[in-house]
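Worksheet: one structure, shown below.
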Amino acid sequence: DQQVKQNSPSLSVQEGRISILNCDYTNSMFDYFLWYKKYPAEGPTFLISISSIKDKNEDGRFTVFLNKSAKHLSLHIVPSQPGDSAVYFCAARYGGSQGNLIFGKGTKLSVKP
Amino acid sequence: DTGVSQNPRHKITKRGQNVTFRCDPISEHNRLYWYRQTLGQGPEFLTYFQNEAQLEKSRLLSDRFSAERPKGSFSTLEIQRTEQGDSAMYLCASTRRTPRSYNEQFFGPGTRLTVL
């Protein structure tokens, strides 16, 4: 039973446009959500996070939105750049846990020049 | 480079052999995690250390798997009697525990294991 779901395996976007990556979760005990980016042959790289007490966090071109009632979060990348092409993983942490993360299956983003 | 390092990067072994991977976390990080990632999946939690103490193990960590962090610095993950189903990318991550805040985990490049 997947507790963190990324239902779109892939997404293709034109350079300069907005990329929107979606993530749904089932467990209301999650208290922290993170997005990681992964290039081939590299480990995941942390991008941005959001606490469950907030609904938005912004860092440069990256913004994460959290809708707790819908158990949904999204990552917006504006403007998208070819270097953003990678697999993006959504991850969540149980409240009060030691920090181990539950990951989604990832969405492969392709930004076309 | 002061990031998380993992060795070897690739390991090919025959079924039934034992393998050992090493992870060197970022030096001031006291928490260390092991994850496994198979094709088409996200990383799955295996086990976690705070300093030298192994505090949590996933049910994915069968008795053929053992992890250590003897001096609270580097960690090793050993798989005994490897099976083809053990083929995966093994990822190590580290973070620093601070009171009342959550710190993101930094991942190493991973060790890709292929069991023939």
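The values are calculated or read from the model by the stated rules, or taken from the named source; none is laboratory data. Please read all numbers here as calculations on a predicted model, not as lab measurements. Reconstructed Cβ throughout: ideal geometry from the backbone, glycine too, with neighbour counts over all protein chains shown. Protein only, heavy atoms only, side chains kept; ligands, DNA and RNA dropped before computing areas. Shrake-Rupley method; radii C 1.70, N 1.55, O 1.52, S 1.80 Å.
On average over all directions, what projected area in square nanometres does the protein assembly as shown have, based on the convex hull of its Cα atoms?
Values: hull surface 51.1 nm².
Seen from a random direction, the Cα hull of the protein assembly as shown projects 12.8 nm² on average.
Tell me the relative contact order for the range B:64-116 as a rounded percent, counting alpha carbon contacts under 8 Å between residues six or more apart.
Values: 65 pairs, mean separation 17.5, N = 53.
Result for the range B:64-116 is 33 percent.
Run through all the Cα pairs of chain A and give the fraction in each 5 Å bin from 0, expressed as whole percent.
Per 5 Å bin, starting at zero, the Cα-Cα P(r) for chain A comes out as 2, 13, 24, 25, 20, 10, 5, 1, 0 percent.
Per-residue HN-Hα couplings for the range B:57-62, Karplus 6.51 cos²θ - 1.76 cosθ + 1.60 at θ = phi - 60°, whole Hz, x for Gly and Pro?
Coupling constants for the range B:57-62: 10, 7, 5, 5, 7, 6 Hz.
Specify which residue in the list A:Ser12, A:Ile102, B:Thr13 is farthest towards the positive end of the charge dipole of the protein assembly as shown, using unit charges on the beta carbon of Lys, Arg (+1) and Asp, Glu (-1), about the Cα centre.
Of the options given, the answer is B:Thr13.
Among A:Asn57, A:Asn100, A:Asn27, whose mean-square fluctuation peaks in a Gaussian network model of chain A (Cα, cutoff 10 Å)?
A:Asn100
At the nearest 100 Å², what buried accessible area, both sides summed, do you get for B and A when the probe is 1.4 Å? List each step's numbers first, then the result.
Values: alone 6960 and 6200 Å², together 11500 Å².
Summing both sides, the interface buries roughly 1700 Å².
My understanding is that a pair violates if its Cα-Cα distance is over 32 Å; which of B:Lys11/B:Lys57; A:Lys108/B:Lys71; B:Lys11/B:Lys71; A:Lys5/B:Lys71; A:Lys56/A:Lys105 do that in this structure?
Numbers: B:Lys11/B:Lys57 24 Å; A:Lys108/B:Lys71 38 Å; B:Lys11/B:Lys71 25 Å; A:Lys5/B:Lys71 37 Å; A:Lys56/A:Lys105 23 Å.
From B:Lys11/B:Lys57; A:Lys108/B:Lys71; B:Lys11/B:Lys71; A:Lys5/B:Lys71; A:Lys56/A:Lys105, over 32 Å: A:Lys108/B:Lys71; A:Lys5/B:Lys71.
What does chain B give for Rg and for Dmax, in Å, if only its C-alpha atoms count?
Final numbers for Rg and Dmax: 13.7, 46 Å.
Let's see if you can work this out: charge +1 on each Lys and Arg Cβ, -1 on each Asp and Glu Cβ, no other charges. What is the dipole magnitude of the range B:1-79 about its Cα centre, in debye to the nearest 20?
Charge dipole, the range B:1-79, about its Cα centre: 380 debye, nearest 20.
Would you work out the charge dipole size for the protein assembly as shown about its Cα centre, treating the Cβ of every Lys and Arg as +1 and the Cβ of every Asp and Glu as -1, and quote it to the nearest 20 debye? It would help to have the intermediate numbers written out before the result.
On the way: 30 positive and 21 negative charges, 55 e Å.
Dipole magnitude for the protein assembly as shown comes out near 260 debye.
Collect residues whose amide H, placed 1.01 Å from N in the peptide plane, falls under 5 Å from the amide H of B:Thr47; neighbours closer than 5 in sequence don't count.
Counting only residues 5 or more places away or on other chains, the set is B:Trp34, B:Ser58.
DSSP beta bridges in chain B, what fraction antiparallel, as a percent rounded to 5?
Values: 35 of 39 bridges.
Bridges in chain B that DSSP calls antiparallel: roughly 90 percent.
Once you sort the root eigenvalues of the Cα gyration tensor of the range A:38-88 as a ≥ b ≥ c, which label holds: rounded (a/c under 1.5), prolate (a/b larger than b/c) or oblate (the other case)? Please list the in-between numbers first.
Values: a/c = 2.36, a/b = 1.74, b/c = 1.36.
Here the range A:38-88 falls in the prolate category.
Using alpha-carbon pairs under 8 Å, 6+ residues apart, how would you state the relative contact order of chain B in percent? The partial results should precede the final answer.
Numbers: 288 pairs, mean separation 42.4, N = 116.
Answer for chain B is 37 percent.
Placing unit charges on C-beta atoms (Lys and Arg positive, Asp and Glu negative, everything else neutral), compute the dipole magnitude of chain A about its Cα centre in debye, rounded to 20.
Details: 13 positive and 9 negative charges, 28 e Å.
So the dipole magnitude of chain A works out to roughly 140 debye.
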